[in-house]
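J.: Take this structure, written in structure tokens, and hold onto it; I'll ask about it next.
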2 protein chains.
Amino acid sequence: MSAFDELMAFQRETEALAQVEGRLHWDQETMMPRGSALQRGEELAALSAVLHARRVDPRVGEWLDRAEAPDEAGAAQLRLIRRSHERATRVPARLASEMARVTSLSQGIWAEARAKDDFAAFAPTLSDVVKLTRELADCLADGRDPYDALLDEYEPGATGESLSQMFGALRPRLVALRDRVMGSDRRPEALEGTFAEAGQLALSRELAEVFGYDFHRGRIDKAVHPFSSGSGADVRITMRTAADDPFNCFYSTIHEVGHAAYEQGIDDAYHLSPLGQGVSMGVHESQSRIYENQLGRSRAFTGFLFERMRDTFGEMSVTDVDAFFACVNRVTPGYIRTESDEVQYNLHILMRFDLERDLVSGKLAVADLEEAWNARFEQDFGRKVDRASNGCLQDVHWSLGLFGYFPTYTLGNVYAGCLHKALREAEPELDAALARGDTSPATGWLHRNLQRFGGLRAPRETVRHACGFEPSEEPLLEYLEQKFGAIYGV
Amino acid sequence: MSAFDELMAFQRETEALAQVEGRLHWDQETMMPRGSALQRGEELAALSAVLHARRVDPRVGEWLDRAEAPDEAGAAQLRLIRRSHERATRVPARLASEMARVTSLSQGIWAEARAKDDFAAFAPTLSDVVKLTRELADCLADGRDPYDALLDEYEPGATGESLSQMFGALRPRLVALRDRVMGSDRRPEALEGTFAEAGQLALSRELAEVFGYDFHRGRIDKAVHPFSSGSGADVRITMRTAADDPFNCFYSTIHEVGHAAYEQGIDDAYHLSPLGQGVSMGVHESQSRIYENQLGRSRAFTGFLFERMRDTFGEMSVTDVDAFFACVNRVTPGYIRTESDEVQYNLHILMRFDLERDLVSGKLAVADLEEAWNARFEQDFGRKVDRASNGCLQDVHWSLGLFGYFPTYTLGNVYAGCLHKALREAEPELDAALARGDTSPATGWLHRNLQRFGGLRAPRETVRHACGFEPSEEPLLEYLEQKFGAIYGV
């Protein structure tokens, strides 16, 4: 056996064990009895130690030194294995276990502080997390900016500087669009009434199928939070229902189907290898967002959804298909990122990005975070934060040590904008298909041009290859200005 | 850290990973999408390789050489770890992987042969399995009888010879009882009608609670086969429903709750250690059987079940509570072990035990198995086998290489008989409680005297300790002769 083949056989087992780890997390959120949490923690810790030991195994380094890639895909495999091996070996065991210990505690402290709207109760813990995060970043940085080293975990190749430029171009036009929309005298109707759970569940499954989710290699369950989990032949998603908010159920399903379709769509030959999963959080998010927003919230598709909802639930408070389109895309004042609309969502991310960069660099002290958050919110959203749970305590990410994660959401939207532009050029008849609930021209194009390649190319190159042009924020801005300009007459 | 503490910390991770393996099997039978089977195979193989590597890890041998047990429980831990380490190191990797390969294929070949009632189609594969099983037994035997080495995997300390004596004492009295019952002119009514699935599911959950199943640390799902899975704080069971056979649902639930109660009832201090699980298949089966039969099929408890079934399903074809008791305990001619009643069940096991011992020793050739099976069946059951799927192709066990497993079913019944005798002496008011659906005098006694100790004592010693007398087949025989003598007036 060649060094390359030996390495790939070893790596295949590692990937299989990583899938097992993912399945345990899925089980924890969907099936696990409540009293099993402590034991599950030990099970996950044991598996995580096994995975870590394999990633830092000295044989991996030796194989990497000797391995010769047989082709382009093989070269990409080696690149990704080397990256994982180097990252794992750079982090001392003491730091990794301290980080695991602190973040497992801090999540509970954060939840309690949020429930009490008391940032001060969370600040000391967050300080510990930030301190450990800086240590981690220093270990990983290898001469780079520490924040870039964190970002690299979620979006290989991206830098704080390049994102800062992109976000800098987004911000004024998004703020201006938000101002125009909020100043418009058009006020789309909200959807009133209650919607039976059985109908939501059935239509949610139908929408998953409409967007190409493969139930033969996946399943949908209810969970507190919607998520997608797993790669290759076992990709599961979750959804939730709320009687007065069926859009939450339907659009989070379509969003997760976007993630799942990426994983399910990767070339079978890459299964259980480093190429066999989405290449980055940003590219992943581009799939979930284009499914949810550019396709799912389009005028054409909302026409189909309007009919299917009427078939399922009977006559609704919104009786006109154009009003329904506006209703789905309503922009309303709000504090919470996850409940936000397409216009304001990225403004949420942009402020988190700036704040977390300053936290990591030390420019912003944790003690000053709430004030900085509230000031920036008022600047970009034109209103004051009323309480910490609507402000800097609303997201779980930082309590888990996830610094460098937030910007991938907006990067995903930017990539979705680029892909949507290219898709529209390639498939001029798309709207006619969407209007009858046929997403295949879009999902087929995304599969052929992006999803099937998995981790073959670097993230930005993956999108560039699919679009045929250099990705930028411009298509997203044009799409948002055009769509919301039309809905709000601004 | 002492050698003992180091060993126990290492072992704790191994146990946690073994729990993960169990959870994957549970998922496979309950939740896994059908198209994920191949990937799951790789996930399980990778995890199994990790577990094997830990069990044969040379450090375990070194720790065992140096470790000093702090107390009786510690000594039991060392004994069980040594046993697992020695068994794992005795089997060459080549043999283990060949066995895994052949048995994973043979299950499918068996299923196909069974569907076609064609033993000859399965015989060559079974020959391969038997050949590998003999090799395995030789590796493990260490001077003992090879069959005893196989048995030791499921029932440490038991020997073919001692079981043969016990089963030899059971057989004539069971055959005689079967003859008397079959010759009786009393024919208990069968339960007619169909029973709505929702009612079966609800009553099944209620029965699980009645028998003390802890839903906080477990869950019940539907599956093709009922089983119990997991130890400690996460013990899950499965059940099934058939519209015309509610007893199947209810009694398999109670049976699995018996297994689960054992696992859930073990002292928390033993969790994720070798003591933290049922000590043997036989002792495990004693719990499932005493829950299902001596308690669940007692006159007192069937009175409670009769009322709850009438509450749930309305008036039934059996309208009298004594007739209902007889109905639950009907003895009918049949070929299939898993559908058998208390009288005939052990006769099924006894013949499998004799046949598999002869297969392993070479006294019986695989080619002659069907003939030997059919001859023995006619001798013990008084009728001819009509086709192979009702005969030697009915069980999956041998196709999986599970030789030495069958006798633990009857050993479990024998142990249940002993425990039941001791329980009745300790709890003279038991029937009054059972009659009102209160199993706590029985389940409490079993918990205090057996379940909580887990693997602390050797299997037979575990039962002896609970009963206060040397286990034997006599109490089971007396119980069966008394109960079925009364029902059938013989």
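J.: What is the Å³ per residue value for the convex hull set by the Cα atoms of the stretch B:1-90? Please report the intermediate quantities before stating the final value.
T.: Working: hull volume 9.1 nm³, N = 90.
That works out to 101 Å³ per residue.
J.: Also, I was wondering about something else. In debye to the nearest 20, how big a dipole does the stretch A:293-351 give about its Cα centre with +1 on each Lys and Arg Cβ and -1 on each Asp and Glu Cβ?
T.: Details: 6 positive and 8 negative charges, 36 e Å.
In total the dipole reaches around 180 debye.
J.: Moving on. What Kirkwood hydrodynamic radius, in Å, does the stretch B:1-51 give when the mean of 1/r is taken over all pairs of distinct Cα atoms and then inverted? Don't jump to the answer; show the numbers that get you there.
T.: Working: mean 1/r = 0.0813 Å⁻¹.
Its Kirkwood hydrodynamic radius stands at 12.3 Å.
J.: Continuing with this model, one more query. Please state, rounded to one decimal and in Å, the Kirkwood hydrodynamic radius that the stretch A:310-408 gives when every pair of distinct Cα atoms enters the mean of 1/r.
T.: When all Cα pairs of the stretch A:310-408 are included, the Kirkwood radius is 15.4 Å.
J.: Another question about this same structure. Can you list, shortest first and in nm, the gaps between the label point of B:His225 and those of its counterparts in the other copies, using a point 7 Å from Cα in the C-beta direction?
T.: 3.8
J.: Let me spell out the model: positive unit charges on the Cβ of Lys and Arg, negative unit charges on the Cβ of Asp and Glu, origin at the Cα centre of the stretch A:1-90. What dipole size does that give, in debye rounded to 20?
T.: 340
J.: Return the ratio Rg/(2.2 N^0.38 Å) for the stretch A:239-338, where Rg is computed over Cα atoms only.
T.: It is 1.29.
J.: Something else: What do you reckon, how do A:Arg236, A:Arg383, B:Arg387 stack up by accessible area (1.4 Å probe), largest on top?
T.: Accessible-area ranking of A:Arg236, A:Arg383, B:Arg387, largest first: B:Arg387, A:Arg383, A:Arg236.
J.: Between A:Met1 and B:Glu29, with labels modelled 7 Å along Cα→Cβ, what's the label distance in nm to one decimal, could you check?
T.: 3.2
J.: Please identify the trypsin sites (Lys or Arg not before Pro) of the stretch B:168-207 that satisfy two criteria: DSSP loop assignment and at most 10 other Cβ atoms within 10 Å. Which are they?
T.: Here the trypsin sites (Lys or Arg not before Pro) that fit, given the DSSP loop and packing criteria, are B:Arg186.
J.: Now a separate question. Residues of B:41-49, mean number of Cβ from any other protein chain within 10 Å of their own Cβ, rounded to a whole number?
T.: The per-residue average across the peptide is 5.
J.: Per the Cauchy relation, a quarter of the hull surface: what is the mean projected area of the convex hull of the alpha carbons in the stretch A:326-483, in nm²?
T.: In nm², the orientation-averaged hull projection of the stretch A:326-483 is 11.3.
J.: Continuing with this model, one more query. I want to check the label-to-label distance for B:Val224 and A:Asp267. Put each point 7 Å from Cα in the C-beta direction and report it in nm to one decimal.
T.: That separation, rounded to one decimal, is 3.4 nm.
J.: While we're on this one: So what's the back-of-envelope 222 nm ellipticity for the protein assembly as shown, counting only DSSP H runs of four-plus at -39500 (n - 2.57) apiece and dividing by all residues, rounded to 500?
T.: Here the helix-only value at 222 nm equals -21000 deg cm²/dmol.
J.: Starting from the residue with the highest accessible area, list B:Asp142, A:Asp65 in decreasing order, probe 1.4 Å.
T.: Output order, biggest surface exposure first: A:Asp65, B:Asp142.
J.: Starting from the Kirkwood Rh over alpha-carbon pairs, what translational D in µm² s⁻¹ does the stretch A:28-152 have by Stokes-Einstein at 10 °C and 1.306 mPa s?
T.: In µm²/s, the coefficient rounds to 92.
J.: So, taking all protein chains as they sit and a 1.4 Å probe, how much accessible area belongs to B:Tyr251, in Å² rounded to tens?
T.: Result for B:Tyr251: roughly 0 Å² accessible.
J.: Not counting ligands, DNA or RNA, and with a 1.4 Å probe, what is B:Lys483's accessible surface area in Å² rounded to the nearest 10?
T.: B:Lys483 exposes around 20 Å² with every protein chain in place.
J.: Here's something else I'd like to know. Which value, in Å² rounded to 10, gives the accessible area of A:Val396 with a 1.4 Å probe and all protein chains present?
T.: 40
J.: Distances in nm, one decimal, shortest first, from A:Thr332 to the same residue in every other copy, taking the label point 7 angstrom along Cα→Cβ.
T.: Label-point distances to the other copies, shortest first: 6.0 nm.
J.: Please list B:Cys139, B:Cys249 in order of solvent-accessible area, largest first, computed with a 1.4 Å probe with all protein chains present.
T.: B:Cys139, B:Cys249
J.: Here's another thing I want to ask about it. What does the structure give for B:30-37 when I average, per residue, the other chain Cβ atoms found within 10 Å of the residue Cβ?
T.: 6
J.: Farthest toward the dipole's positive end in chain B, which of B:Ala426, B:Trp445, B:Leu191, given Cβ charges of +1 (Lys, Arg) and -1 (Asp, Glu) about the Cα centre?
T.: Sorting the options by dipole projection puts first B:Leu191.
J.: Separation of the stretch B:1-57 and the stretch B:339-386 by C-alpha centroid, Å?
T.: Value for the Cα centre distance between the two parts: 35 Å.
J.: From zero up to wherever the largest Cα-Cα distance of the stretch A:86-188 sits, split into 10 Å bins and tell me the percent of pairs in each.
T.: Answer for the stretch A:86-188: a P(r) of 13, 27, 25, 24, 8, 2 percent.
J.: A follow-up question, please. Averaged over its residues, how many other protein chain Cβ atoms are within 10 Å of peptide B:50-60's Cβ atoms?
T.: What the average comes to for B:50-60 is 1.
J.: Return the subset of A:Lys222/A:Lys384; B:Lys421/B:Lys483; A:Lys116/A:Lys222; A:Lys131/A:Lys384; B:Lys116/B:Lys384 for which the Cα-Cα distance in this structure is over 25 Å, preserving the input order.
T.: A:Lys222/A:Lys384; A:Lys116/A:Lys222; A:Lys131/A:Lys384
J.: In whole Å and largest first, what semi-axes does the C-alpha gyration tensor of the protein assembly as shown yield when each eigenvalue is scaled by 5 and square-rooted?
T.: Largest first, the protein assembly as shown gives 57, 34, 28 Å.
J.: To continue, here is another question. Could you work out how far the C-alpha centroid of the stretch B:206-274 sits from that of the stretch B:158-181, in angstrom?
T.: Here the two parts' Cα centres lie 30 Å apart.
J.: Another question, if that's okay. Based on Cβ point charges of +1 for Lys and Arg and -1 for Asp and Glu, what charge dipole magnitude is obtained for chain A about its Cα centre, in debye rounded to the nearest 20? Can you show the working numbers first?
T.: On the way: 55 positive and 77 negative charges, 64 e Å.
Here the size comes out at about 300 debye.
J.: Please report Rg (one decimal) and Dmax (integer) in Å for the Cα set of the stretch B:188-243.
T.: Using the Cα atoms of the stretch B:188-243, the pair Rg, Dmax is 13.2, 42 Å.
J.: Can you give the alpha-carbon Rg of the stretch A:143-490 over 2.2 N^0.38 Å, where N counts its residues?
T.: 0.96
The values are calculated or read from the model by the stated rules, or taken from the named source; none is laboratory data. This is a predicted model, so every value here is computed, not measured. Cβ coordinates were reconstructed from backbone atoms using ideal geometry, including for glycine residues, and neighbour counts include every protein chain displayed. Keep in mind that these areas ignore ligands, DNA and RNA; they rest on the heavy atoms of the full protein, side chains included. Shrake-Rupley method; radii C 1.70, N 1.55, O 1.52, S 1.80 Å.
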